[in-house]
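The values are calculated or read from the model by the stated rules, or taken from the named source; none is laboratory data. Remember, predicted model here, so these are calculated numbers, not experimental data. Cβ coordinates were reconstructed from backbone atoms using ideal geometry, including for glycine residues, and neighbour counts include every protein chain displayed.
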Amino acid sequence: MEYIPEKCANMKYILKSKTANKPEASNSELLKSYRELSEEFSKLQEKHQSLENAYNNTIKTNKQLSGNISHEIKTPFYGILNSVSLLKNSKNLNNEDLYNVNIIEQNSQYLMTTLNDLLDFYNLENGTIKLNYVNFNLKSELQPLLDFYKNKAEEKELEFIVKYGHNIPKYLKGDPTRIKQVIHQLLSNSLKYTDKGKISVTINGYNIDYKTFDIDIIVSDTGFGIDEIQKEKIWQMFSFSRTDTSLNTGIGIGLSLAKDLVDLMKGKIVVDSKKDIGSTFSITIPLELGVSDNKELYKNILLVEDNIINQKLTKAILDRQGFNVDTASNGKIGVDKYRQNNYDLVLMDIQMPVMDGYESARLIREYEKLNPLKKPATIIAVSANSDKNNIAKLNEAGINFFINKPFNVDKFSVLLSNLDPSTQLNPA
């Protein structure tokens, strides 16, 4: 931030300019001019510092507001999605009930994706967004999103086609959330501007070497298409629009955000479109080959969670998957239970009453040092806030890994496959 004119940094230049028309100016006049300019320069410095402080305070306030909004919205979403997960496995649901539960899940996922878009827009603007490299199953990650758009397409009497290549491995390593966001933005764009015909998603994978695997994603539609002039604006924030403004729904950041996310993942995105024929968006994203899960290493789990609804839902789902789960409703109870029992894994909520997750994890690590015969547990911090950005604080507390709420508990085994010692926050 530069608020002080460059000339103020060069007093000699200013004095020379001010006295250029006074060749006979006395020393006292020069001294007076110098003092006046010095006072003016000091005032400008003070103003500069004041503006800089105000700017920094605004950034700090925005980060805190963003974190609070994320926490307050994502926490209940966590409960909704896990409730849906339990309902879907109930044997008492008829076909109509199951259909309605699926609708709830799909729309909840859509709302969660939109919230993430807004938060990522802010983080991209401030250069604070980070990728989360995890193991994931591509098909299972994309299925709820594709189901949602399939239903939406059918409501408009559009054909919706999904094709996968045969050589996509079971596990890949990358950021599935960002990949889903990109596909969401492209499908949202296709759905808005396609009134007849079809929308298709084609996904193929290519081995580059023993470790690297490229994913190609093609989203095509038979919509209105884009003329050459619009093509130049398509990636600009809020600049891309259609003639029919009634179709211009959404929050206006979609395609720009999609491109920024693809660039962040070191991928490529291009568009081929013809007016009144349709559009095709092609994406290539470099990923890594994933690894098998290590579920058996973490059979005994201590879940420290103050939200009783989320606590019960998470325990029920993990119990159903074969884990042995104990619970604690705050950090203090969690520490007490850890001292009395043996756990392989601690799922630690960060924001809790009585004692937060940081202090609880720190006390657990202190207890382990005093009891070297006790096998140290892996501690995963779980939060809907932006705590992941505070790596130093997580490390200081002895936390190994961080995951964002809401996470899909149904895919907990996949999550466990991400616990690679080389990627932990504080490797020994």
Single residue of Leu146, Leu186 found to be outside any loop (DSSP other than H, G, I, E, B), at pLDDT below 95, among the aliphatic types (A, V, I, L, M) and out of contact with any helix residue (DSSP H, G or I) (no Cβ under 7 Å at 6 or more places or on another chain): Leu146
Matching entry among Ile350, Ile380, Ile399 (being in contact with a Phe, Trp or Tyr (Cβ under 6 Å, 6 or more places away or on another chain), at negative phi and not hydroxyl-bearing (Ser, Thr, Tyr)): Ile380
Exception for Gln64 within (1) out of contact with any helix residue (DSSP H, G or I) (no Cβ under 7 Å at 6 or more places or on another chain); (2) assigned to a helix (DSSP H, G or I); (3) at pLDDT below 80; (4) surrounded by 14 or more Cβ atoms within 10 Å (Cβ to Cβ) falls at (4)
Some residue of the stretch 81-104 being aromatic (Phe, Trp, Tyr), at pLDDT 80 or above and either in a helix (DSSP H, G or I) or under 22 Å from the mean Cα position of the chain (by Cα) (or both): yes
For the stretch 330-342, enumerate the residues that are buried (at least 17 other Cβ atoms within 10 Å of the Cβ) and more than 20 Å from Asn310 (Cα to Cα). Tyr338
Residue match in the stretch 149-170 (condition: modelled with pLDDT of 95 or more, surrounded by 14 or more Cβ atoms within 10 Å (Cβ to Cβ) and assigned to a strand (DSSP E or B)): yes
Index of the failed condition, Arg178 passing every other in (1) touching a Lys or Arg at 6+ places or on another chain (Cβ under 6 Å); (2) under 20 Å from Ile218 (Cβ atoms): (1)
If I go through the stretch 81-103 residue by residue, how many of them are crowded, with 16+ Cβ neighbours inside 10 Å and of a type in the set (Val, Ile, Thr)? 2
Out of (1) of a type in the set (A, V, I, L, M, F, W, C); (2) in a helix (DSSP H, G or I); (3) at pLDDT 80 or above, the odd one out for Ile229 is which? (3)
Find the residue count for the stretch 104-126, including only residues that are of a type in the set (Ser, Thr, Tyr), touching a Ser or Thr at 6+ places or on another chain (Cβ under 9 Å) and crowded, with 18+ Cβ neighbours inside 10 Å. 1
Report, ordered by the first and then the second residue, all pairs with beta carbons closer than 7 Å, sequence separation of six or more or different chains, a first member in the stretch 125-140 that is aliphatic (A, V, I, L, M), and a second member that is in a loop (DSSP other than H, G, I, E, B) and at pLDDT 80 or above. Leu131/Asp175; Leu131/Met265; Leu138/Ile168
Out of (1) of a type in the set (Val, Ile, Thr); (2) assigned to a helix (DSSP H, G or I); (3) buried (at least 17 other Cβ atoms within 10 Å of the Cβ), the odd one out for Ile129 is which? (2)
